[in-house]
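Written out below as structure tokens is the structure these notes cover.
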Amino acid sequence: MSADTQVAIVGAGPAGLLLSHMLGEAGIDCVVFERGDREHVGTRLRAGGLEHGAVDLLRSLGLGQRLDAIGLLVERTDFRFDGRGHRVDFKAATGHNFTIYPQYEIVTDLLAAHAARGREVKFNTPVTRIEGLDGERPVIRYEEGGAARQLNCDFVAGCDGYHGVCRPAIPAGVIRVYEEVYPFGWLGILAQVAPPSLEVAYSCHDDGFAMSSFRAPEVSRLYLQCESDDRAEDWSDDRIWSELVRRLDVPERPAVRPGPIVQKSVTAMKSFVIEPMQYGRLFMAGDAAHIVPPTGAKGLNSAMADISVLAPALIDFYRRGSRARLDGYSAQAMQRVWQVQRFAADMCRLLHRFPGMSDFERRMQRERLAYMTGTPTGVLTYAENFVGLPFDA
Ligand code: APR
């Protein structure tokens, strides 16, 4: 098939770079387009943790060295409600850890692997338009150094995040969009201080959800449920710390250790899925196709799970000339996507204070938490979802 490249990948987030790496290793020619610069992509503060399936995938690709050296293993979640902590030992329940290894570290590893193999990523190169998706040779129109250019390809991978250009290139009526917007936001902070313990704590408090986590031994990451329209600058550092302590701390185990806040921002909370995740010669993956509320730490893992289905399907096409696996990509990937959506939405409903919640609903929340943390079935259900469903679902 004559084309300027075989697979055009839009977006150099974890989804796009992982796909490019896997296809490159299989000898498939790709071009990665990224509208941001290298610094932007490699330092963005996004997701922070990996399921065991994601860790296994990175190791199997020879990308596990730094991950194994600096990734921090977590074995338990500490749920705080009724004024005390309730630990769920997911390692004991499933045999698997959760690994704190931030998105920027994965992107750093993937960019280093690209550089070592002489594979280019086109930074500062926005894709402006995609044409011919239902034909034999899609055309990517892009801007490079102020000039409009184009490239032909066999396939397009839409790894361009929620605000990308690939999803709008699908004709109206072809995909179904599912969306749920939650009536609150998360105020997230990054603090230059060691967390009191290497445990993740989730709190269901009368004044709203709070969470404490970390990104590195000396870097804490904490969140507070806030109003959707709150601005980060409206929250003083003192107010943030006192609210975190009030919602999260219990006498036996502090989860909060105040320190210098180096970053704060408010995130909107939504669930979003398109179905199917493909059209003609376009295959969507990661945030471009689905968003989860961050409760449950699934966004990055879900993006990687998509690629673990898409890359072998593309490789199969080039090795055997069969489109069967590509044609089945969305159906296969979506099984896991929806299970992840279920878990993230359930966790969101379980832990937040919703406007207008009745006393009965509030009590049900408490009873669900008591069941989930206090019975073997509840613990196992949480544990197997949190450490991650299999990648080859
Ligand atoms: N042209 C080129 N690049 C684009 C364009 C465009 N028109 N539009 C968007 N991009 C780039 C963005 O600049 C971004 O770097 O696509 C990339 C998409 O990357 P991510 O948003 O990180 O999405 P994804 O790779 O799917 O990773 C999902 O992001 O939000 C987290 O929780 C989520 O960790 C998960 C991860």
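The values are calculated or read from the model by the stated rules, or taken from the named source; none is laboratory data. Model, not experiment: these values are computed from the prediction. Cβ coordinates were reconstructed from backbone atoms using ideal geometry, including for glycine residues, and neighbour counts include every protein chain displayed. Calculation scope for accessible area: heavy atoms of the full protein, side chains included, ligands and nucleic acids excluded. Shrake-Rupley method; radii C 1.70, N 1.55, O 1.52, S 1.80 Å.
Straight-distance candidates among the aspartates and glutamates for linking to Lys122, with alpha-carbon spacing under 19 Å and chain neighbours fewer than 8 residues away dropped: Asp4, Glu25, Asp29, Glu34, Asp37, Glu39, Asp109, Glu143, Glu144, Asp154, Asp160.
Determine the order of Tyr318, Tyr182 by accessible area, beginning with the largest, at a probe radius of 1.4 Å.
Most to least solvent-accessible, the answer reads Tyr318, Tyr182.
Kirkwood radius for the stretch 121-183, taken over all pairs of different Cα atoms as the inverse mean of 1/r, rounds to 13.4 Å. The string of couplings for the stretch 332-347 from the Karplus curve (6.51, -1.76, 1.60, θ = phi - 60°) is 6, 5, 5, 4, 6, 3, 5, 5, 5, 4, 4, 5, 5, 5, 4, 5 Hz, one whole number per residue in order, with x for Gly and Pro. Label-to-label distance, Val181 versus Ala268, with points set 7 angstrom from Cα along the beta-carbon direction: 0.5 nm. Relative to one another, the C-alpha centroids of the stretch 95-121 and the stretch 331-372 are positioned 31 Å apart. Taking the average, over residues, of other Cβ atoms within 10 Å as the packing measure, peptides 319-326, 164-171, 381-388 rank 381-388, 164-171, 319-326 from highest down.
Listed by chain and number, the aspartates and glutamates whose alpha-carbon sits under 19 Å from that of Lys264, ignoring those within fewer than 8 places in the same chain, are Glu218, Glu227, Asp229, Asp230, Glu233, Asp234, Asp237, Asp238, Glu243. When the stretch 84-187 is described by a simple charge dipole with +1 on each Lys and Arg Cβ and -1 on each Asp and Glu Cβ, the residue from Tyr178, Gly145, Asn124 located farthest towards its positive end is Tyr178.
Charge dipole (Cα centre; +1 on Lys/Arg Cβ, -1 on Asp/Glu Cβ; no other charges) of the chain amounts to roughly 340 debye. Between the stretch 232-268 and the stretch 1-47, the C-alpha centres lie 36 angstrom from each other.
The relative contact order of the chain, computed from alpha carbon pairs under 8 Å that lie at least 6 residues apart in sequence, is 21 percent. Computed packing ranks the peptides 45-51, 76-82 as 45-51, 76-82, most packed first, by mean other Cβ atoms within 10 Å.
Hey, what did the stretch 113-200 get for relative contact order, percent, Cα under 8 Å, at least 6 apart?
Values: 68 pairs, mean separation 15.1, N = 88.
Once divided by the residue count of the stretch 113-200, the mean separation gives 17 percent.
Please give every one of the lysines within straight-line cross-link reach of Lys270, meaning a C-alpha to C-alpha distance under 25 Å, and leave out same-chain neighbours fewer than 8 residues apart. Straight-line reach from Lys270, under 25 Å: Lys298.
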